[in-house]
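Data first, discussion second: the structure below is written as structure tokens.
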Amino acid sequence: MKTTLSLLSMIGVSAVLGLAASISAIGPVGGKDSGPKAVVGKPAPAFTLEDASGKEYRLSDYEGKIVVLQWINPDCPVCRGCMKKGVVTAMRKELGLLEPGIVHLAINSTHYQEAKKGAEYLKEYKIDIPALSDRDGTVGRLYAAQTTPHLYIIDKEGILRYSGAIDNARIKTDTAPMNYVVNAVRQLTTGETIAPDQTKAYGCSVKYKK
């Protein structure tokens with residue numbers, strides 16, 4: 001009897017281990033962390049988000065164009081400071097001169113804010129770009145967006161070319177202030193190597209739903 005029970009026990013353990021291995025091989029099903037992650041130098045992950053009116057925006061719609069993604073949060077003083085000081089307005093002006101037709105999308109992954117909050121925030125500072133809602137944080141986690149602001153540049157071939165801070169304002173340096181996004185787009189349009197292509201984003205942490 002003991003031998004029989006021992007054998008059944010071993011079979012049960014083997015079955016459980018086998019099932020666990022199968023699940024591990026399949027990977028996570030759904031969930032906020034599924035899918036390929038954003039990596040500089042690799043194709044930017046596809047996404048579809050809506051604005052406050054329910055209009056859908058797909059990254060694939062902008063094939064053949066340079067795309068700038070900017071994570072925002074109206075409640076973040078750092079994000080709002082970039083707006084008040086004219087950093088974003090100046091950046092958009094320079095980007096438009098460097099690359100007419102460049103696409104700039106704002107994404108709000110703040111879990112407790114309705115879609116209209118982002119739109120109202122941009123309108124307040126006269127930033128005429130789509131405000132996309134990502135309340136469940138799916139796209140934010142896909143791109144590993146850490147702070148507001150956190151910016152990304154995607155080239156015309158759909159490759160992620162920059163990830164990080166909007167500028168070097170938080171770095172003590174003797175060099176002139178640099179907007180990293182403008183710098184990267186300038187280098188991208190002239191065929192230069194983008195440097196830096198990754199920086200440490202600063203600001204408030206993205207308020208993902210836990």
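The values are calculated or read from the model by the stated rules, or taken from the named source; none is laboratory data. Because the structure is a prediction, the values reported are computed rather than measured. A quick note on method: Cβ atoms are made from the backbone with ideal geometry, for glycine too, and the neighbour counts reach across all protein chains shown.
Of note:
- Within region 90-118, residues that are more than 23 Å from MET178 (Cα to Cα) sit with their Cβ atoms under 6 Å from residues that are modelled with pLDDT of 95 or more and assigned to a helix (DSSP H, G or I), at 6+ positions apart or across chains, in these pairs: ASN108/GLY118; SER109/GLY140.
- Residue within region 107-118 that is closer than 25 Å to ILE194 by Cα and in the same structural domain as ILE159 (by TED's automatic domain parsing) present: yes
- Matching residues, region 107-154, being acidic (Asp, Glu) and in contact with a helix residue (DSSP H, G or I) (Cβ under 6 Å, 6 or more places away or on another chain): ASP134
- Yes/no for ILE153 being at negative phi, hydrophobic (A, V, I, L, M, F, W, C), in the same structural domain as VAL68 (by TED's automatic domain parsing) and modelled with pLDDT of 95 or more: yes
- Members of region 100-139 found to be in contact with a strand residue (DSSP E or B) (Cβ under 7 Å, 6 or more places away or on another chain) and closer than 24 Å to LEU188 by Cα, listed by number: ILE102, VAL103, HIS104, LEU105, ALA106, ILE107, ILE129, PRO130
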